[in-house]
Amino acid sequence: MKIDLCELSPSYVRSIAPYQPGKPISELAREMGIAEASIVKLASNENPRGIGPRTRAAIEAAIGDIARYPDGNGFELKQALAKRYGVDMGSVVLGNGSNDVLELVALAFLGPGRAAVFSQHCFAVYPLATQARGARSIAVPAKNFGHDLEAMAKAVDDETYVAWIANPNNPTGTYARGEEIEAFLRRVPERVLVVLDEAYNEYLPHDLKADSARWLKRHPNLVITRTFSKAYGLAGLRVGYALAHPSVADIMNRVRQPFNVNSIALAAAVAALDDMEFVARSYAENLQGMKQIEEGVRALKLDFIPSFGNFITVRVGKAAEVYKKLLKRGVIVRPIGGGYGLPEHLRVTIGTAQENSKFLGALGASLKD
């Protein structure tokens, strides 16, 4: 071969560092020769409770039609979401996980000569999706590990078309109150799409939850994204959605891949959305687990960032070394140096009481090594 075919790709694509997901249990078992059943994975913010009985029944019922293509419009799920949030079905966009929906925003509204603004310590997909479209990234320094919304608004320039906001934020778990988000919406130009990523919304206490869907009528430049991967327990099926002004949703659907949400995921999501008892129990158990981890981390005399999600970010010092020591003890967490800019921290998913205990014991031992 006389040419490097990689060089045919745009330079902004070639310079992308691929997203690194949490290490799978099976991979660690192969690497370390550890039995899979003994490994605890607290790296990807999954729901340790799995799925509810209604969702399981819906999955089993959907298997019979697996030879057929799914409903490309996702009618039943869109209808259920529209009813839940009081919006038109034309305002709903479905995705293969909320990551897919975020990519749709970037694909539809970003490109060379345009820019997106986001916070330091933000979800890694935001800069990746921005760069993959050849757009310019505007990274604003964080404030107490969270979004400095005033500084982000000031950073918007004439080329800015998207603002990414995760609330609660991943990986720091910080939260901006509803009035702060609305103030940001009022301040930025109407051409700037404000993407409010609420993947962890179900883990917020009731008094902190903002009815963000109601803001859509006042702010047509708002895009709300959510997922069934966290509190609903459907991470393996990959289904997320966006709520947006119908004209914005229409553009996103024009670049959406046909059948991007599979039939089993659609059926499971409809059932899961209706099982609020399961979500409520997941929320309650997460609170208990969060308290367990916080108390254990304090006992180890370590600092952590107070979190509003189903994870907590702990400062352990030489995080890369501690991460490797934890792996040897059969515990997978998430190092968040590199693109996240937190080289002394590890992000830890809240697991079951038993999983949390194993993590705390392994962390204490790893710090002594």
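The values are calculated or read from the model by the stated rules, or taken from the named source; none is laboratory data. No experiment lies behind these values; they were computed from the predicted model shown. Backbone-built Cβ (ideal geometry, glycine too); neighbour counts: all protein chains shown. With ligands, DNA and RNA removed, areas are computed over all heavy atoms of the protein, side chains included. Shrake-Rupley method; radii C 1.70, N 1.55, O 1.52, S 1.80 Å.
Before moving on, here are some points about what is shown:
- Under the span-like rule (Cα at least 30 Å along the axis, Kyte-Doolittle mean at least 1.6), DSSP H helices of the chain: none
- Cα-Cα P(r), segment 1-61, percent of pairs per 10 Å interval: 16, 23, 24, 21, 14, 2
- Per-q log10 I(q)/I(0), segment 242-323, q = 0.24 Å⁻¹ (Debye; single scatterer per alpha-carbon; no solvent): -1.12
- Of all the options Leu273, Leu302, Leu104, the one that moves most in a Gaussian network model of the chain with Cα springs shorter than 10 angstrom is Leu302.
- Rounded to 5, percent antiparallel among DSSP beta bridges of the chain: 50
- Which of Ser366, Ser44 is most accessible, then next, and so on - probe 1.4 Å: Ser44, Ser366
- Ile34 - accessible surface, heavy atoms, 1.4 Å probe, Å² rounded to 10: 40
- Potential lengthening of the chain between Arg14 and Ala284 amounts to 92.8 nm, from the contour at 0.36 nm per residue minus the alpha-carbon distance.
- For the chain, modelled as a GNM whose springs connect Cα atoms under 10 angstrom apart, the maximal fluctuation among Phe259, Phe145, Phe308 occurs at Phe259.
- Relative intensity, log₁₀ I(q)/I(0), of segment 194-352 from a Debye sum that treats every alpha carbon as a point, q = 0.09, 0.19 Å⁻¹: -0.40, -1.27
- Reference-scaled alpha-carbon Rg (2.2 N^0.38 Å with N residues) for segment 83-233: 0.97
- More than 14 Å apart - percent of Cα-Cα pairs taken over segment 157-210: 56
- Ordering Lys2, Lys325, Lys230 by accessible surface, largest first, gives Lys2, Lys325, Lys230; the 1.4 Å probe counts only protein heavy atoms, with every chain in place.
- When Lys328, Lys368, Lys23 are compared by accessible area at a 1.4 angstrom probe, the order from most to least is Lys368, Lys328, Lys23.
- For segment 231-369: lysine pairs under 13 Å (alpha-carbon distance), excluding those fewer than 8 apart on one chain: 4
- For Lys217, a cut-off of 21 angstrom between C-alpha atoms picks up these lysines, skipping any fewer than 8 places away in its own chain: Lys78, Lys83, Lys209.
- When the convex hull of its Cα atoms is projected in every direction, mean area for segment 176-265 (nm²): 6.7
- Residues in the chain average 47 Å² of solvent-accessible surface per residue, probe 1.4 Å, ligands and nucleic acids excluded.
- Summing charges over all other residues whose Cβ lies under 12 Å from the Cβ of Leu42, with Lys and Arg as +1 and Asp and Glu as -1, gives +3.
- Solution diffusion estimate, µm²/s, Stokes-Einstein, the chain, Kirkwood Rh from C-alpha pairs, 37 °C, viscosity 0.692 mPa s: 153
- For the chain, carbon and sulfur atoms together expose 52% of the accessible surface, with a 1.4 angstrom probe and every protein chain in place.
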